[in-house]
1. Which pairs do you get when a residue that is on the phi > 0 side of the Ramachandran plot, found in the stretch 55-69, comes within reach of a residue that is outside any helix (DSSP H, G or I), reach meaning Cβ atoms under 8 angstrom, with the pair 6+ apart or on two chains?
2. Consider LYS18 carefully, then state whether it is free of Cβ contacts under 8 Å to residues at least 24 places away in the same chain, farther than 22 Å from ILE59 by Cα and among the charged types (D, E, K, R).
3. Tell me the residue from THR134, THR128, THR94 that is touching a Ser or Thr at 6+ places or on another chain (Cβ under 7 Å), within 22 Å of LYS12 (Cα to Cα), open to solvent by less than 30 Å² (accessible area, probe 1.4 Å) and of a type outside the set (A, V, I, L, M, F, W, C), please.
4. Residue check, HIS11 against (1) over 22 Å from THR128 (Cα atoms); (2) crowded, with 19+ Cβ neighbours inside 10 Å; (3) not aromatic (Phe, Trp, Tyr), all met but one. Which one?
5. Give the residue that is farthest from MET121 (Cα to Cα), with candidates limited to residues of the stretch 53-86 that are open to solvent by 20 Å² or more (accessible area, probe 1.4 Å) and among the aliphatic types (A, V, I, L, M).
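The values are calculated or read from the model by the stated rules, or taken from the named source; none is laboratory data. This structure is a prediction, so every number in the text was calculated from the model and none was measured. All Cβ positions, even for glycine, are placed from backbone atoms using ideal geometry, and neighbour counts span all protein chains on display. Just so you know, the surface numbers come from the protein's heavy atoms only, side chains and all, with ligands and any DNA or RNA stripped out. Shrake-Rupley method; radii C 1.70, N 1.55, O 1.52, S 1.80 Å.
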Amino acid sequence: MKKILIHGSGHKAESWDKVISYMNNDKDILCPNLSTILNGKEASYDNLYSSFAEYCNKIDGKIDLCGLSLGGILALNYAIDYPNKVEKLVLIGTPHKVPKVMFSIQNVIFKFLPKKLFETMAFNKKDTFVLGNTMKKLDFSNEKKIVQILNLHIT
């Protein structure tokens, strides 16, 4: 079974390297770079999620998902839409509802940061703003499927 580790917006796929070094059977572990799977599309959440879903759907059989922050939001969204495809779901620092005020404060701070700083992050400065602005209305708190998913995966 494939395990997919999904990084947050402040990271890249390589951020998982240390974690993977402690795991057995690392040949079954995939770590997509979120900016790469967009294949040149605008970095909106809808584009990112559809690219991520397409990435996951190409994998035969069930998958385990582990997501950090933005990666967790993508994993949660995917598990809601494709519950029969997800065997295990691990969410780290993942809100079920995007905190609008915190995102707004973060965007103000990001405006003053140099473009160079974004080179270590998943997306460049421009794409980070596009993504953040398109995520402000994400809210999975009323999804009945979340309760079903959580009941299936809590042990």
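1. Close Cβ pairs satisfying both conditions: GLY61/MET1; GLY61/LYS2; SER69/GLY8; SER69/SER9; SER69/GLY10; SER69/ILE92; SER69/GLY93; SER69/THR94.
2. Values: free of Cβ contacts under 8 Å to residues at least 24 places away in the same chain: yes; farther than 22 Å from ILE59 by Cα: yes; among the charged types (D, E, K, R): yes.
It is true that LYS18 is free of Cβ contacts under 8 Å to residues at least 24 places away in the same chain, farther than 22 Å from ILE59 by Cα and among the charged types (D, E, K, R).
3. On the way: THR134 fails: open to solvent by less than 30 Å² (accessible area, probe 1.4 Å); THR94 fails: open to solvent by less than 30 Å² (accessible area, probe 1.4 Å).
None of the other options fit; the residue is THR128.
4. Only one criterion in (1) over 22 Å from THR128 (Cα atoms); (2) crowded, with 19+ Cβ neighbours inside 10 Å; (3) not aromatic (Phe, Trp, Tyr) is unmet by HIS11, namely (1).
5. Of everything passing the filter in the stretch 53-86, ILE59 is farthest from MET121 (Cα to Cα).
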